[in-house]
Structure formats: C-alpha cells, structure tokens
Amino acid sequence: MTILVTGGRGHVARGVVEQLLERTDRVRVATRDASALRPPAGVEVVEADLTRPETLPAALDGVEKVFLYADPQGIDAFTKAAGEAGVRHIVLLSASPVTAANPDLNPLARMHRSAERVLLDSGLAWTFLRPATFATNTLQWAASIRDEGVVRAPYPEAHNDAIHEADIAAVGVRALTEPGHEGRAHLLTGPVSITQRQQVEAIAKATGRPVEFVELQPDEYRRTLSKWGSDELVDQLLRYLSEQDGIPMPTVNTVELLLGRPARTFAEWAADHADDFR
C-alpha cells in the first residue's frame with residue numbers, strides 16, 4: 001500500500017518517512033514546495049496544498065493511509081478528497097492541549113480540536129496522536145546559544161513534558177502499519193517532567209559548551225516574542241510557563257507501552273541535535 005505523509009518538511013514528518021522506509025518502499029511525501037524538500041532515496045514527492053483542493057487528487061491517487069498534520073484550513077476538502085480516493089485510515093498529528101479542562105482558552109487546542117472534529121465527522125478511520133511539548137521547541141534558543149552561549153527566558157524552573165519527535169514519529173508509524181489503532185487517541189509525553197533550566201543544562205552537556213540561563217521578566221520576554229505570533233499565542237505561552245513554575249508536569253508511559261521501550265529523554269534529544277546549537 002502507498003502511505004502519504006503530509007507536511008513533509010516538518011520534524012515529525014521527516015521521522016515518519018525515515019521510519020516508514022524500514023517497513024515499506026511505497027512512501028509518498030506531500031509538500032507545498034517540492035523543490036525545498038530533499039527526501040531519502042526512493043521516496044516519491046508531490047506538491048499538494050490543503051487550501052488548494054485541485055492539488056489533492058494526484059497526491060492521494062492510490063493512497064490507502066495518510067499521516068496528516070492538524071491544520072483546520074482545508075481539512076474538509078482533504079477528507080472529502082481522501083474518501084473519494086479510497087483512503088482507509090488517517091493518522092492525525094494533534095496535540096495534548098485538546099485534553100485540557102479548558103481547551104477553548106488555548107488557540108492551539110482550538111485549532112487541533114477543529115481538525116479532530118472534521119475527521120470524526122468524515123466517516124474515515126482515524127487515529128489521533130496527541131503529543132505534549134515538542135522538545136524541538138527549544139530550537140528557538142539555538143541562535144543565542146551558538147552566538148552568545150546564552151538563553152534568555154522567564155521562569156527557569158517552569159516544567160514541561162518534552163517529547164522527542166522521533167518517538168512521536170515511531171508511534172505514528174505503528175499506527176499506520178499495524179492493526180488496532182483505529183479509533184484511538186494516543187496521549188504522548190516524554191519520560192519525565194523537566195524544567196527549562198534543566199533543558200539548558202542538557203544542551204550545554206551535549207554541545208560541550210557552557211550555556212547561561214538569563215532570566216527575563218514576563219514583560220521583557222513578551223517583547224522578544226512579538227514577532228513570533230499573535231498576542232493570544234504569546235499570552236498562552238506565558239500563562240503556561242507561570243502555571244508550571246516549580247510544578248512538575250504529569251507524564252504518561254504511552255510511548256513505552258506502544259513501542260516496548262522507554263521514551264527518549266531530553267538529554268538524548270539534546271545529543272541528537274547538538275550540532276544545531278554549536
């Protein structure tokens with residue numbers, strides 16, 4: 001069977017493609033700009049854009065399963081085209097905030113809930129992956145670590161449940177290639193709760209270079225994030241950090257249960273990405 005992976009340039013999608021190639025040679029990657037993608041040998045690349053329905057039939061031709069990024073913009077057209085193409089199962093990369101008690105307060109949770117609802121109503125078989133904080137979020141520190149050996153952020157003792165993108169990808173590959181995942185939502189976290197300061201220490205150890213954590217006040221940090229996104233997203237991030245300041249995040253062992261091994265630690269992630277910070 002042919003498996004389509006959307007969002008081909010994303011960290012998780014790249015991991016899904018690499019791990020799928022260990023199980024099948026019929027992998028197709030969809031991206032808005034095929035010229036910007038350098039996939040492994042043997043992977044078919046197609047240009048497709050969920051907001052341009054005319055690009056979808058060619059991308060879905062002969063496809064039985066899909067790894068899909070949760071973007072509500074265009075997902076209605078995608079699920080319709082997938083059903084017409086004979087797709088049997090979609091594995092959706094959602095996010096853990098959809099399980100919060102007040103998800104409507106979180107713009108990311110609203111986005112992912114919207115995408116999940118479309119799949120639920122589509123009639124297609126589905127699996128939801130709901131990962132926690134992506135360890136790759138710390139790549140936002142890469143430039144200042146490379147240039148100055150410094151991380152500037154508030155709440156150094158704020159905890160998160162960082163998960164390695166390779167573990168998310170591995171669970172996605174299991175869901176795509178093994179039975180028993182249809183109609184299930186997998187909540188995924190890293191193995192332990194970790195503070196921002198501990199993450200900086202792990203990156204320093206992995207790179208072999210000292211890294212200083214310079215604590216910013218929330219208003220200072222807000223100004224540095226003004227270019228990153230909407231005020232609502234910035235407010236949500238600061239709220240999250242303040243709520244988890246000194247408070248460990250709960251973690252789950254879903255990765256270990258599904259893969260038969262513990263989830264990768266943040267220290268392992270830092271070692272895998274050490275060159276990004278050098």
State yes or no: is D161 buried (at least 19 other Cβ atoms within 10 Å of the Cβ), within 25 Å of I90 (Cβ to Cβ) and of a type in the set (D, E)? no
Here the residues within segment 55-79 that are free of Cβ contacts under 8 Å to residues at least 40 places away in the same chain and farther than 18 Å from G8 by Cα are A77
Hey, can you tell me all the residues within segment 119-131 that are open to solvent by 10 Å² or more (accessible area, probe 1.4 Å) and touching a residue at least 12 places away in the same chain (Cβ under 8 Å)? S122, G123, L124, A125, W126, R130
Can you tell me which condition V118 does not meet? The list is (1) within 30 Å of D272 (Cβ to Cβ); (2) assigned to a helix (DSSP H, G or I); (3) hydrophobic (A, V, I, L, M, F, W, C), and all the others hold. (1)
Would segment 70-93 turn up any residue that is within 26 Å of P191 (Cα to Cα), in contact with a strand residue (DSSP E or B) (Cβ under 8 Å, 6 or more places away or on another chain) and hydroxyl-bearing (S, T, Y)? no
Would you pick out the residues in segment 132-149 that are assigned to a loop (DSSP other than H, G, I, E, B) and either open to solvent by 30 Å² or more (accessible area, probe 1.4 Å) or under 13 Å from Q199 (Cβ atoms) (or both)? T133
Looking at E182 and the list (1) at pLDDT below 95; (2) open to solvent by 40 Å² or more (accessible area, probe 1.4 Å), which single condition is not satisfied? (1)
P250 passes all but one of (1) closer than 25 Å to L108 by Cβ; (2) in contact (Cβ under 8 Å) with a residue 60 or more places away in the chain; (3) open to solvent by less than 80 Å² (accessible area, probe 1.4 Å); which number fails? (3)
Consider only pairs whose beta carbons are under 8 Å apart and that are at least six residues apart or on different chains; among these, list those whose first residue lies in segment 24-40 and is farther than 19 Å from T51 by Cα and whose second residue is open to solvent by 30 Å² or more (accessible area, probe 1.4 Å) and of a type in the set (S, T, Y). T24/T177
Can we say S114 is of a type in the set (G, A, S) and in contact with a Ser or Thr (Cβ under 8 Å, 6 or more places away or on another chain)? no
Among what's in segment 61-79 and is modelled with pLDDT of 95 or more and open to solvent by 40 Å² or more (accessible area, probe 1.4 Å), pick the residue that is nearest to the chain's Cα centre (by Cα). E64
Scan (1) open to solvent by 40 Å² or more (accessible area, probe 1.4 Å); (2) over 21 Å from S230 (Cα atoms) for the single condition L50 breaks and write down its number. (1)
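For every residue, the table says whether it meets (1) open to solvent by 20 Å² or more (accessible area, probe 1.4 Å); (2) farther than 22 Å from R14 by Cα.
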| site | (1), (2) |
| --- | --- |
| A169 | no, no |
| G172 | no, no |
| A175 | no, no |
| L188 | no, no |
| V192 | yes, yes |
| T195 | no, yes |
| Q199 | no, yes |
Test for W126: is it aromatic (F, W, Y) and outside any strand (DSSP E or B): no
Restricting attention to segment 82-118, and to residues there that are surrounded by 20 or more Cβ atoms within 10 Å (Cβ to Cβ) and small (G, A, S), which single residue is modelled with the lowest pLDDT? A109
Hits in segment 33-60 (condition: assigned to a loop (DSSP other than H, G, I, E, B) and either at pLDDT 95 or above or closer than 25 Å to H164 by Cα (or both)): L37, R38, P39, P40, A41, V43
Here is a list: A101, A109, A115. Which entry is touching a residue at least 12 places away in the same chain (Cβ under 8 Å), out of contact with any strand residue (DSSP E or B) (no Cβ under 6 Å at 6 or more places or on another chain) and more than 17 Å from T189 (Cα to Cα)? A115
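The values are calculated or read from the model by the stated rules, or taken from the named source; none is laboratory data. Computed from a prediction, not measured in an experiment: that's the story for all the values here. Reconstructed Cβ throughout: ideal geometry from the backbone, glycine too, with neighbour counts over all protein chains shown. Note: areas computed on protein heavy atoms with side chains; ligands, DNA, RNA excluded. Shrake-Rupley method; radii C 1.70, N 1.55, O 1.52, S 1.80 Å.
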